[in-house]
Amino acid sequence: MTKKAPATKKAPATKKAPPLRGRRLAVRILLLLLLALSPILVITAAFFLYVQGGVSAGALEPTGRLGGFALRAPVTIVRDDRGIPHVRAQSERDLYFAEGYLQGADRLFQLDIYRRLVAGRLSEVFGAAAIDNDLAARTYDVKGLIADQERALPADDRSLLQAFSDGINAAIRTRPLPPEFRALGYKPEPWSSTDSLMASFSTALALTDSWDDVLVRADVADALGQKGTDAFFPITDPYYDSPTTSRERAPVAPLPALTVAYPAPSPVAEGDGNRTGLGSNEFVAGAGLTATHRALLANDPHLSLRMPGVWYLADLKAPGIHVAGATLVGAPGIILGHTQRAAWGATNGTTATVEIYREKFRSETSDEYLDGNAWVKATHRSERFTIRWSQPIVRDYLRTRHGFVFASRGATRFAAAWSADLQRRSALSAFMELDRAASARAVLQALQHYPGPPQNFVFADAEGKAGYVLAGSIPLDSLWALRAHDGPGSGAPVTSDVPFALLPHVTASRSAVAFTANDRVYGRGYPYRLTAYFEAPYRAASIAQHLKVHPYSVESFSAIQADVRSIPERDLAAATVAALGRTGTGSDPDMQAAIRELAAFDGRFVEDSHAALIAWQLRRTADARLIALHLPPQLAVRYLQSHEGLAIVVLLRALRERPHGWVPADDYDAFLLGALHDALAELRSAGQLGKTWGEAGRRVARHPFSSFGWHGWDGTPFPGHGSSYSPHVQGLDNTQSFRAVWDLGNWESGGIVIPQGESGQPGSSHYRDLAPGWLEGTLVPLPFDDAAVARAATSSFELAP
């Protein structure tokens, strides 16, 4: 009998929780978690819906008859397919009220940010992150300055400004709260006339030659003497100098010999680019030079690329006034545009408006400074800063007999005498007078009262006359903002200005042609320097070349605005190719490829160009290398940050004139070889080597919330197209802020366009809708006559008493 093998014992099974019990446990945990989080989820959802409600409300346009406003008679508002308002009122007061209402409805958050920016009150909303801006904003007595400007206005202008402010307040009261206020958790304060002057002053600040920039020039003069001033602040590039008022160029001294101070300089970051491209183009021709036999005027201001844009378009009509074009947000009326019979445009004059004084104080903490041989006390101004989510702080600001103190270095402090601070007159009255101008003569008469910042104005009228004048207060300062005055040994600040009759001008006529691009406008024999330096003349030279061919037309003027050719980057590329042809590139494949690209580069910054990107980086790197050879590292950085637009003038002149001691061993070929090598290394490090200009030069108009990482309200991205030195400007931070061509008297021809949209409401269909046409270069007429407005109307409503 066979014996059975003993059965193998099974290992005891691990006990598992029943599946149903495990699921119940998971559900309980989830419910407990949801219960714990439910208040947060509810609050988050409610917050999102509240903000989204503001977005949705921004898409709703007023319709029908809206009553209860402080008006004398009904006002009709028609919007065209771009959302641009055409306002028809029965009195000027009601007209300005309606314009204020429209700006308040379309741009309220922008208005509030602008007034806070200028007044130094951003930290009340954004907290400590904005306190540095606020501290700098109140360096001068901004509240006192604006209040004095308002008091100096004629009574009629103050009344119209008040009507405009009343209109903004009507929008605050009756329109839904925009989403930005909801997201930040605050409501806008009531608007005042002072706020309007404050908000519109933001662009004036951007166009002012700042006291900090003058201090950089003073530091260069202290470091290198007169040679440093002559070398790094040349008034222009004489090879491309394109004076507006003369056919004969004014002489420019050659660059001085220098000594390389830092043959192996520390790496210096390139300039931040915020100032390159900042400026404008304009050109005008009398009827005798045009195909239409009417005067033509073109203008494209270059300002910071922001969302929403700085300009608000409008067509305004009431008895005694009919004007259309662009106004600065916060400013009533029209700043740049046309009336029924006249038009005007402007570019920044880039002239000196600030003198700085080196003051000697008793000590670093003393408030006594030396006036001749006597010690006198500086004036104190106490400013309180309310900071959201933090404790308020108080800062003490000083003022000497020369101006407000803006910088301190131990017992030495610097005071600024700024014409806007000393004279305290608003430009509003001059623009209100322009808005009623019926001839070139009337435009010129209005500009005689324009206080600044100094601007180049071109103008034309329906009789076919065209002209030009530099207008604004330019102090007769012997130093022209190149160095600091000695405080103890100086008298009171200069109060006399260059007389209006002696400012550069072109007499209005049917045969006149004029153009400016922030360059030197005068030629041989003009008696005043006017500035530390004018902006690089390359855009002006390009425009002058185009204007050699006439008769002119709307299309030819528009084509000039679209020109993407950069003279300096073209010339720098050619110089580098020539230099490396003499020295060789070795076996570096990237260098060889770059030379092939640069050899074929014609200066055009188009989207599919690889060479444009290389030339752009080469220009910035070569600028930085040259400056770093001569200035201490910190001063070199400050120079590039504030004068990067000037550095290319210095570089191209040095390459052309080849002065002794500017580059090591006077070997300019080796300098360019090193610059190209470093430029390619920069592109490689940034992951941009091999990219096109369209990719690497891509720019986006940023909404203020982008600084917090929220980009949903940013503008439409623009591919790289144009550079800082082409007539079609597209810099790192600046671009054409509008493009306009006016066919005088035929207002349904020509037109005006802006980069993004008319509305500042993120939910509006007119927030980004104009970007496609802008990218295509389309020029769109702005309906002006009542019949044209009626044809273009897509919606309308009425404001009533």
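Here the range 651-705 is the region considered, the condition is being in contact (Cβ under 8 Å) with a residue 12 or more places away in the chain and among the hydroxyl-bearing types (Ser, Thr, Tyr), and the residue that is farthest from THR236 (Cα to Cα) is THR692.
One line per residue, one yes/no per condition, for (1) open to solvent by 10 Å² or more (accessible area, probe 1.4 Å); (2) under 19 Å from ASP733 (Cα atoms); (3) not aliphatic (A, V, I, L, M):
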| residue | (1), (2), (3) |
| --- | --- |
| ALA622 | no, no, no |
| ARG625 | yes, no, yes |
| ALA636 | no, no, no |
| TYR639 | no, yes, yes |
| SER642 | yes, yes, yes |
| HIS660 | yes, no, yes |
| ASP667 | yes, no, yes |
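Restricting attention to the range 780-798 and to residues that are β-branched (Val, Ile, Thr) and not in a loop (DSSP other than H, G, I, E, B), the residue that is nearest to GLN756 (Cα to Cα) turns out to be THR794. Just one residue in the set TRP742, TRP713 is open to solvent by 10 Å² or more (accessible area, probe 1.4 Å), in contact with a His (Cβ under 6 Å, 6 or more places away or on another chain) and of a type outside the set (Gly, Ala, Ser); that residue is TRP713. For the range 126-155, a residue qualifies if it is more than 14 Å from ARG395 (Cα to Cα) and either part of a loop (DSSP other than H, G, I, E, B) or touching an Asp or Glu at 6+ places or on another chain (Cβ under 8 Å) (or both), and the qualifying residues are LEU145, LEU153, PRO154. Scanning the range 137-152 for residues that are without any contact (Cβ under 8 Å) to a residue 24 or more places away in the chain and open to solvent by 60 Å² or more (accessible area, probe 1.4 Å) turns up just one, ARG151. In the condition set (1) open to solvent by 20 Å² or more (accessible area, probe 1.4 Å); (2) under 20 Å from GLY337 (Cβ atoms); (3) among the charged types (D, E, K, R), ARG425 is compliant with all but (2). The residue that is nearest to the chain's Cα centre (by Cα), counting only those in the range 763-779 that are hydroxyl-bearing (Ser, Thr, Tyr) and surrounded by fewer than 20 Cβ atoms within 10 Å (Cβ to Cβ), is THR778. When every residue of the range 501-512 is checked against the conditions, at least one turns out to be buried (at least 18 other Cβ atoms within 10 Å of the Cβ) and under 30 Å from ALA318 (Cβ atoms). Among the residues of this structure, VAL87 counts as one that is at pLDDT 95 or above, open to solvent by less than 50 Å² (accessible area, probe 1.4 Å) and in contact with a Lys or Arg (Cβ under 7 Å, 6 or more places away or on another chain). Residues of the range 640-659 that are part of a helix (DSSP H, G or I) and either of a type in the set (Asp, Glu) or more than 26 Å from the chain's Cα centre (by Cα) (or both): GLU644, ARG653, ALA654, LEU655, ARG656, GLU657. Among the residues of the range 582-639, those that are in a loop (DSSP other than H, G, I, E, B) and closer than 23 Å to PRO664 by Cβ comprise GLY584, THR585, GLY586, ASP588, LEU629, HIS630, LEU631, PRO632. In the range 511-548, how many residues are in contact with a helix residue (DSSP H, G or I) (Cβ under 6 Å, 6 or more places away or on another chain), part of a loop (DSSP other than H, G, I, E, B) and closer than 24 Å to GLY286 by Cβ? Total satisfying the criteria: 3. The listed residues are ARG425, ARG441, ARG483, and the only one of them that is more than 25 Å from PHE232 (Cβ to Cβ), in a loop (DSSP other than H, G, I, E, B) and charged (D, E, K, R) turns out to be ARG425.
Checked against (1) open to solvent by less than 10 Å² (accessible area, probe 1.4 Å); (2) touching a Pro at 6+ places or on another chain (Cβ under 7 Å); (3) outside any loop (DSSP other than H, G, I, E, B); (4) not hydrophobic (A, V, I, L, M, F, W, C), ASN456 passes all but condition (2).
Residues that are among the hydroxyl-bearing types (Ser, Thr, Tyr), assigned to a helix (DSSP H, G or I) and at negative phi: does the range 169-176 have at least one? Taking every residue of the range 169-176 in turn, at least one turns out to be among the hydroxyl-bearing types (Ser, Thr, Tyr), assigned to a helix (DSSP H, G or I) and at negative phi. Per the listing LEU49, LEU33, LEU41, LEU60, the residue uniquely at pLDDT below 95, open to solvent by 20 Å² or more (accessible area, probe 1.4 Å) and not in a helix (DSSP H, G or I) is LEU60.
Residues are listed down the side, and each one gets a yes or a no for (1) open to solvent by 10 Å² or more (accessible area, probe 1.4 Å); (2) within 23 Å of ASN281 (Cβ to Cβ); (3) out of contact with any strand residue (DSSP E or B) (no Cβ under 9 Å at 6 or more places or on another chain):
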position: ALA221; (1), (2), (3): yes, no, yes
position: LYS227; (1), (2), (3): yes, no, yes
position: PRO234; (1), (2), (3): no, yes, yes
position: TYR239; (1), (2), (3): yes, yes, yes
position: LEU255; (1), (2), (3): yes, no, yes
position: THR259; (1), (2), (3): yes, no, yes
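Conditions tested, residue by residue: (1) surrounded by fewer than 20 Cβ atoms within 10 Å (Cβ to Cβ); (2) of a type in the set (S, T, N, Q); (3) touching a strand residue (DSSP E or B) at 6+ places or on another chain (Cβ under 7 Å); (4) modelled with pLDDT under 95.
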residue: PHE557; (1), (2), (3), (4): no, no, yes, no
residue: VAL564; (1), (2), (3), (4): no, no, yes, no
residue: SER587; (1), (2), (3), (4): yes, yes, no, yes
residue: MET591; (1), (2), (3), (4): yes, no, no, yes
residue: PHE605; (1), (2), (3), (4): no, no, no, no
residue: ALA611; (1), (2), (3), (4): no, no, no, no
residue: ALA615; (1), (2), (3), (4): no, no, no, no
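Of everything listed in (1) in contact (Cβ under 8 Å) with a residue 60 or more places away in the chain; (2) touching a helix residue (DSSP H, G or I) at 6+ places or on another chain (Cβ under 6 Å), the single unmet condition for SER246 is (2).
The criterion of at least 1 residues that are open to solvent by less than 10 Å² (accessible area, probe 1.4 Å), of a type in the set (Gly, Ala, Ser) and touching a Cys at 6+ places or on another chain (Cβ under 6 Å) is met by none of the strands (runs of 3 or more DSSP E) wholly inside the range 313-416.
Could you grab me the full set of residues in the range 469-500 that are open to solvent by less than 30 Å² (accessible area, probe 1.4 Å), of a type outside the set (A, V, I, L, M) and farther than 20 Å from SER210 by Cα? The answer is PRO488, SER490. Return yes when ARG121 is of a type in the set (D, E, K, R), within 30 Å of ARG395 (Cα to Cα) and crowded, with 19+ Cβ neighbours inside 10 Å and no when it is not. Spelling it out, ARG121 is indeed of a type in the set (D, E, K, R), within 30 Å of ARG395 (Cα to Cα) and crowded, with 19+ Cβ neighbours inside 10 Å. The single residue among SER496, SER429 that is modelled with pLDDT under 95 and touching a Pro at 6+ places or on another chain (Cβ under 8 Å) turns out to be SER496.
Contact annotation: residue pairs with Cβ atoms under 9 Å, 6 or more positions apart or on different chains, pairing a residue in the range 91-118 that is among the β-branched types (Val, Ile, Thr) with a partner that is not in a helix (DSSP H, G or I), are ILE113/LEU122. Could you tell me whether any residue of the range 184-202 is touching a residue at least 12 places away in the same chain (Cβ under 8 Å), among the basic types (Lys, Arg) and in contact with a helix residue (DSSP H, G or I) (Cβ under 9 Å, 6 or more places away or on another chain)? No, the range 184-202 has no match at all.
The values are calculated or read from the model by the stated rules, or taken from the named source; none is laboratory data. All values reported here derive from a predicted model rather than from experimental measurement. Methodologically, a virtual Cβ is constructed for each residue, glycine included, from the backbone with ideal geometry; neighbour enumeration extends over all protein chains shown. Only protein heavy atoms, including side chains, enter the accessible area calculation; ligands, DNA and RNA are left aside. Shrake-Rupley method; radii C 1.70, N 1.55, O 1.52, S 1.80 Å.
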